[in-house]
Amino acid sequence: MRQPLVAGNWKMNGSLDSVTALIEGIQAGLDTVSTAEMAVCPPFVYIPRVAGLLEGSGISLGAQDVNDQESGAHTGEVAPGMLTDIGCRYVIVGHSERRSIYGESDEFTARKFAAARKAGLVPILCVGETLEEREEGVTEQVVARQLDAVIDLEGIGAIGECVIAYEPVWAIGTGKTATPDQAQEVHAFIRGKLATLDTDVADKVRILYGGSMNPGNAADLLAMADIDGGLIGGASLKPEDFLDIGRAGNA
Ligand code: PEP
């Protein structure tokens with residue numbers, strides 16, 4: 001049985017005051033979320049503040065990105081060991097905004113994934129197709145290529161120790177959600193592909209859906225056989241919406 005994971009990606013939003021209010025709001029309703037693991041991924045600079053607020057809460061902490069190097073002359077970057085040092089369990093790698101805005105390749109993403117694991121972090125590996133790719137009918141090839149870059153570098157066993165997030169790029173921040181059937185189809189493809197290499201890994205890896213998930217569509221998405229939670233952008237900035245999505249995963 002895979003425990004659902006509902007992870008908030010706050011992106012480049014917030015202030016000391018607003019992240020404090022957000023965490024307090026989530027904590028106030030957390031006892032109504034009975035099944036899902038809840039996690040938040042604040043901007044780097046707010047992670048220490050959020051870590052302090054989360055102590056003993058059971059909410060997991062993550063970061064939104066990481067460098068592939070352990071230390072050194074990489075101005076402006078954050079090393080994986082720094083994230084474990086300040087209490088992170090998860091780190092998002094390969095988010096479509098990193099891939100499209102900052103030109104990060106499948107190979108670079110795979111190196112970040114490897115570096116994160118080496119430091120003891122659990123990578124949340126994002127994969128997903130653009131609208132153009134979906135219309136060309138190459139969704140599965142794109143997702144397979146993004147996964148293969150990691151499997152080639154780290155091996156299939158590493159996938160069993162991470163979280164995958166299927167995020168169709170056309171659904172991120174657009175208000176256009178994949179239908180439960182559209183999402184399930186790709187999730188089943190991912191699990192099936194992994195099963196050709198290792199059935200245990202395929203059975204245990206959590207595959208999250210991301211892309212305009214909100215309180216109105218979360219229950220239907222989370223009811224699908226291969227959807228094990230959500231990576232939530234916009235709705236994770238509103239405590240009640242984030243909690244509603246968490247509650248949609250209640251068994
Ligand atoms: C995301 O950025 O990972 C995401 C899913 O964003 P949104 O929920 O806002 O579409």
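The values are calculated or read from the model by the stated rules, or taken from the named source; none is laboratory data. Remember, predicted model here, so these are calculated numbers, not experimental data. Reconstructed Cβ throughout: ideal geometry from the backbone, glycine too, with neighbour counts over all protein chains shown. Ligands, DNA and RNA are stripped out before the accessible areas are found, and what is left, the full protein with its side chains, is counted by its heavy atoms. Shrake-Rupley method; radii C 1.70, N 1.55, O 1.52, S 1.80 Å.
Which of the residues that make up the stretch 143-178 are open to solvent by 20 Å² or more (accessible area, probe 1.4 Å) and within 13 Å of the ligand (Cβ to nearest atom)?
Val169, Trp170, Ile172, Gly173, Thr174, Gly175, Lys176, Thr177
Sort out for me the helices (runs of 4 or more DSSP H) sitting completely within the stretch 153-251 that have 3 or more residues that are within 16 Å of the chain's Cα centre (by Cα) and touching a residue at least 12 places away in the same chain (Cβ under 8 Å). Outline the logic, then answer.
Details: elements: 156-159, 180-195, 199-204, 218-222, 239-248.
Where helices (runs of 4 or more DSSP H) fall fully within the stretch 153-251 and carry at least 3 residues being within 16 Å of the chain's Cα centre (by Cα) and touching a residue at least 12 places away in the same chain (Cβ under 8 Å), they are 180-195, 218-222, 239-248.
Here is a yes/no grid of residues against (1) among the hydroxyl-bearing types (Ser, Thr, Tyr); (2) within 11 Å of the ligand (Cβ to nearest atom); (3) over 25 Å from Gln64 (Cα atoms):
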| site | (1), (2), (3) |
| --- | --- |
| Gly192 | no, no, yes |
| Asp200 | no, no, yes |
| Gly210 | no, yes, no |
| Asp220 | no, no, yes |
| Ser236 | yes, yes, no |
| Leu243 | no, no, no |
| Gly249 | no, no, no |
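So which of Glu97, Glu107 ends up being surrounded by fewer than 23 Cβ atoms within 10 Å (Cβ to Cβ) and more than 16 Å from the ligand (Cβ to nearest atom)?
Result: Glu107 is the single residue among Glu97, Glu107 that is surrounded by fewer than 23 Cβ atoms within 10 Å (Cβ to Cβ) and more than 16 Å from the ligand (Cβ to nearest atom).
Any idea how many residues of the stretch 65-94 are within 16 Å of the ligand (Cβ to nearest atom) and not in a loop (DSSP other than H, G, I, E, B)?
Going through the stretch 65-94 one residue at a time, the tally reaches 4.
For the stretch 137-156, does any single residue satisfy the condition of being within 26 Å of Gly14 (Cβ to Cβ), out of contact with any strand residue (DSSP E or B) (no Cβ under 9 Å at 6 or more places or on another chain) and among the acidic types (Asp, Glu)?
no
At pLDDT 95 or above, open to solvent by less than 60 Å² (accessible area, probe 1.4 Å) and among the charged types (D, E, K, R): which single residue out of Glu136, Glu129 fits that description?
Among Glu136, Glu129, only Glu129 is at pLDDT 95 or above, open to solvent by less than 60 Å² (accessible area, probe 1.4 Å) and among the charged types (D, E, K, R).
Every residue in the stretch 118-146 that is under 30 Å from Thr84 (Cβ atoms) and either without any contact (Cβ under 8 Å) to a residue 24 or more places away in the chain or not in a helix (DSSP H, G or I) (or both), please. Working first, answer last.
In the first step, residues of the stretch 118-146 are kept if they are under 30 Å from Thr84 (Cβ atoms); the result is 118-128, 143, 145-146.
Correct list: Ala119, Gly120, Leu121, Val122, Pro123, Ile124, Leu125, Cys126, Val127, Gly128.
Assigned to a helix (DSSP H, G or I), hydroxyl-bearing (Ser, Thr, Tyr), more than 16 Å from the ligand (Cβ to nearest atom) and surrounded by fewer than 18 Cβ atoms within 10 Å (Cβ to Cβ): which single residue out of Thr20, Thr35 fits that description? Lay out the reasoning, then the answer.
On the way: Thr35 fails: assigned to a helix (DSSP H, G or I).
From the options Thr20, Thr35, the qualifying one is Thr20.
Among residues belonging to the stretch 50-64 that are in a loop (DSSP other than H, G, I, E, B) and without any contact (Cβ under 8 Å) to a residue 12 or more places away in the chain, point out the one that is farthest from Gly87 (Cα to Cα). Working first, answer last.
Just the residues of the stretch 50-64 that are in a loop (DSSP other than H, G, I, E, B), to begin with: 55-59, 64.
Filter once more, so that each one left must be without any contact (Cβ under 8 Å) to a residue 12 or more places away in the chain: 55-56.
Numbers: Glu55: 10, Gly56: 12 Å.
Of everything passing the filter in the stretch 50-64, Gly56 is farthest from Gly87 (Cα to Cα).
In this structure, is Glu167 modelled with pLDDT of 95 or more, acidic (Asp, Glu) and under 17 Å from Arg206 (Cα atoms)?
Values: modelled with pLDDT of 95 or more: yes; acidic (Asp, Glu): yes; under 17 Å from Arg206 (Cα atoms): yes.
Considered against the rule, which asks whether it is modelled with pLDDT of 95 or more, acidic (Asp, Glu) and under 17 Å from Arg206 (Cα atoms), Glu167 comes out as yes.
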